[in-house]
Amino acid sequence: MDGSPTGGGSAELMVAEARRAFFVMLGFLVVVWALQLVNWLDGYRLDAQFGLVAQSPGRLGGIVTAPLLHANWAHLEGNSGPLFIFGFLSAYRGVKRFLGLTLLVALTSGAAVWLFEDGGVVTVGASGLIFGWFGYVVLRGVFDRHLIDTLVGVVMAASFAYLLLVAVPGTPGVSWLGHLGGLVGGLAGAWIFRERRRPGAAGGAPAAAVSGPRSAPSGGPRADLHKELDDLGLL
């Protein structure tokens with residue numbers, strides 16, 4: 001969600017937003033796979049025409065189009081799982097915020113490649129988006145002060161830390177610049193797109209106005225966790 005509503009409708013809104021995120025990512029994968037089929041049938045001409053070419057002013061549009069293209073089927077297959085996982089986890093709190101994040105990550109990843117890659121090199125692939133969404137998921141809970149999202153970030157960081165090995169300068173065979181640029185964009189996006197809460201408010205409503213049959217612990221992390229579990233219908 002783009003906000004944190006309170007009351008009985010919170011769980012329903014969260015489920016609706018998660019459902020929307022699921023279909024957004026499913027649709028994104030359908031588009032990417034369809035483009036790969038067209039690309040393959042056409043001898044990968046789309047890569048040559050719409051890939052990102054470093055230091056070429058006429059190919060700056062590749063910052064937007066290159067993440068939708070892949071060098072071969074193995075490239076796309078390797079990206080599809082992480083794309084869906086990190087894309088969904090980035091989007092389930094709010095699709096509008098996710099779209100802004102994705103644009104930011106595409107720009108930082110593409111700019112890193114365009115500015116610093118060897119001239120004339122054509123770069124394609126959604127790995128920059130994956131690294132950006134990964135960085136966002138790892139830090140989002142900290143800046144939003146959502147304990148559940150913080151736990152998700154810790155689990156994802158521990159489970160996929162090996163991904164950082166291909167963002168190390170000089171990694172052969174991959175666009176480490178695109179990976180690193182995307183990661184920086186995702187980490188920055190966790191701060192830029194954080195939830196802004198008013199002082200003295202819980203989930204956007206004055207603390208004194210919150211009431212109900214369950215009484216959550218007053219203040220502190222336990223109260224936040226209690227509220228999040230209640231919103232999810234787990235209490």
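Bear in mind that the values in this text are calculations on the coordinates, not laboratory data. Worth saying up front: this structure is predicted, and the values here are computed from it rather than measured. Here Cβ is always computed from backbone atoms with ideal geometry, including for glycine, and neighbour counts include all displayed protein chains.
For region 90-149, the normalised intensity computed at q = 0.21, 0.22, 0.29, 0.30 Å⁻¹ comes to -0.83, -0.88, -1.23, -1.28 (log10 of I(q)/I(0), Debye sum over alpha carbons, equal scatterers, no solvent). Each of L165 and V64 was given a label point 7 Å from its Cα along the Cα-to-Cβ line. The distance between the two points is 3.7 nm.
Rule-of-thumb check for region 54-171: C-alpha Rg over 2.2 N^0.38 Å?
In units of the globular-protein estimate, region 54-171 measures up at 1.11.
Taking 7 Å steps out from each Cα toward its Cβ at F22 and F84 produces label points 1.2 nm apart. Here's the picture: a label point sits 7 Å out from the Cα of V174 along the beta-carbon direction, and within region 29-50 nothing has its amide nitrogen under 16 Å of it. Each residue in S56, S127, S10 was given a count of other beta-carbon atoms within 10 angstrom of its own, and listing them fewest first yields S56, S10, S127.
By other beta-carbon atoms within 10 Å, ranking V122, V142 with the fewest at the front produces V142, V122.
If you take the beta carbon distance between W73 and K96 as r and set R0 to 35 Å, what does 1/(1 + (r/R0)^6) give as a FRET efficiency, to the nearest 0.05? About 0.60, to the nearest 0.05.
Restricting region 57-160 to trypsin sites (Lys or Arg not before Pro) that sit in a DSSP loop and have at most 16 other Cβ atoms within 10 Å of their own Cβ leaves R145. Rounded, prolate or oblate: pick one for region 129-192, where a ≥ b ≥ c are the square roots of the eigenvalues of its C-alpha gyration tensor, a/c under 1.5 means rounded, and failing that, prolate if a/b is larger than b/c, else oblate. Note, shape of region 129-192 comes out oblate.
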